[in-house]
Structures are given as C-alpha cells and as structure tokens.
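Below is one structure; the comments refer to it alone.
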Amino acid sequence: MNSTEIQSYLEKNTALKWQIPKSVYEAPEGAEPYLQILRFIGEHPEFAEKFCGRLSISFAPGCRADIWREAGAVRFVKSLTDCPFLFFLAEKEGNTLKLLAALSCYDGRQSGDELALDKSAFSDLLRNQLKGIVLMSKLVRFTPERAQSFVVDVLTYFGMDA
C-alpha cells in the first residue's frame with residue numbers, strides 16, 4: 001500500500017477492525033500491510049488520536065481455536081507487537097490485548113483454559129507498550145491524566161494493580 005491508499009483507508013474508517021485470515025498470517029510477509037498502516041499512524045498524530053482505543057484484532061472464523069499454537073499466527077502477532085504503540089491503539093474491552101499477549105508470550109504450557117505466559121517476554125512486552133502509550137499520548141497532546149488512564153486500563157485489563 002502506498003501512503004495515499006493508507007490515508008484514504010484511515011480517513012474512511014472510524015475504527016480499525018482487523019480480522020486476519022489464515023492465508024494472511026501464514027504468508028511470510030502477511031503482516032506487512034498492517035505494519036505499513038501502523039507506521040503511517042505513528043507518523044501522523046491526527047490518526048493516532050483518531051484510532052486511540054479503536055483497533056481490534058481477531059482471526060477469521062475457521063482458524064484454530066488454539067491459535068497460539070499456529071506458528072504463522074505467532075509470527076504475525078509478534079511482528080505487530082514490535083510496534084511500540086500497539087496497546088495505545090488497541091481496544092481495551094475486548095480480546096485484542098489478550099490475543100496480543102497470548103500469542104507474543106505463550107510459553108507452551110496450559111492449565112485448563114489458562115495459558116501460561118513467559119514472564120520475561122510478558123514483562124518486556126508490557127514495559128515497551130506502556131512506554132509507547134506514554135510517548136504516543138505526548139505526541140497527540142493528551143493530558144498526563146489521560147495517558148495515565150490508558151496505562152491504568154492496560155494494567156487493570158491484565159489484573160495488575162496500577
């Protein structure tokens with residue numbers, strides 16, 4: 001996608017609802033169009049503000065229920081989480097944060113419905129994304145209180161004290 005196409009896409013939408021089909025996450029460069037959009041948003045604060053908390057990511061119907069075992073899906077999500085402000089954009093009420101953390105940090109163990117996360121990987125992900133929330137909040141000129149509320153929302157989502 002070129003910058004004109006990305007800008008047009010962002011101008012037409014009020015939220016980013018990415019439902020990723022298997023053919024995309026299995027492709028080695030499948031994440032690239034999404035990364036282009038994220039980079040564009042990072043370079044244009046007006047779009048960062050517009051889509052703050054309005055990004056939802058899911059996998060298309062028909063994908064495995066245990067998507068965290070799909071190497072392509074894990075690779076896809078890890079490439080997205082390299083974007084330091086992904087949690088700034090992510091919706092905080094649905095499953096996007098859970099999906100991003102599970103696929104980025106799953107350590108291969110499971111107890112019932114609960115996935116075990118690699119604590120070091122999760123800590124790194126969370127630290128980088130919380131920094132990204134603060135930096136992007138400054139870029140779009142949100143008040144410190146508003147930035148803090150985003151940080152608290154993420155920590156609360158993961159059951160952590162703020």
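Observations on the model:
- Backbone N atoms of the stretch 2-20 closer than 11 Å to the 7 Å Cα→Cβ label point of residue 54 belong to residues 10-17.
- Placed amide H near residue 83: partners under 5 Å, 5+ positions off or other chain: none
- Structure-derived Cα extents along the principal axes in Å - corresponding label in [x] 85, 36, 25; [y] 39, 35, 28; [z] 42, 38, 22: [z]
- For the stretch 59-68, putting each phi into the Karplus relation 6.51 cos²θ - 1.76 cosθ + 1.60 with θ = phi - 60° gives couplings of 10, 4, x, x, 6, 4, 5, 9, 4, 5 Hz, in residue order, rounded to whole numbers and with x for Gly and Pro.
- Taking chymotrypsin sites (Phe, Trp or Tyr not before Pro) across the stretch 58-116, none is in a DSSP loop with at most 15 further Cβ atoms lying within 10 angstrom of its Cβ.
- Remark on the stretch 4-99: hydrodynamic radius 13.7 angstrom, per the Kirkwood mean of 1/r across alpha carbon pairs.
- For residue 142, nonlocal amide neighbours, meaning residues 5 or more places apart or on other chains whose placed amide H falls under 5 Å from its own, do not occur.
- Among the helices of the chain, none built from whole DSSP H runs has Cα atoms reaching 24 Å or more along its own axis together with a mean Kyte-Doolittle hydropathy of at least 0.5.
- At R0 = 25 Å, FRET efficiency that the Cβ-Cβ distance of residue 98 and residue 135 yields, to 0.05: 0.60
- For residue 58, the amide hydrogen comes within under 5 Å of the amide hydrogens of 18, 19, 20, counting only partners 5 or more places away or on other chains and with H modelled in the peptide plane.
- Area projected by the alpha carbon convex hull of the stretch 66-162, averaged over all directions, nm²: 6.2 nm²
- The stretch 1-59 - convex hull of alpha carbons, volume per residue in Å³: 78 Å³
Since every read-out is calculated from the coordinates, none of them should be taken as a lab result. Because the structure is a prediction, the values reported are computed rather than measured. Cβ sites come from the backbone with ideal geometry, for glycine too, and all protein chains shown count toward neighbours.
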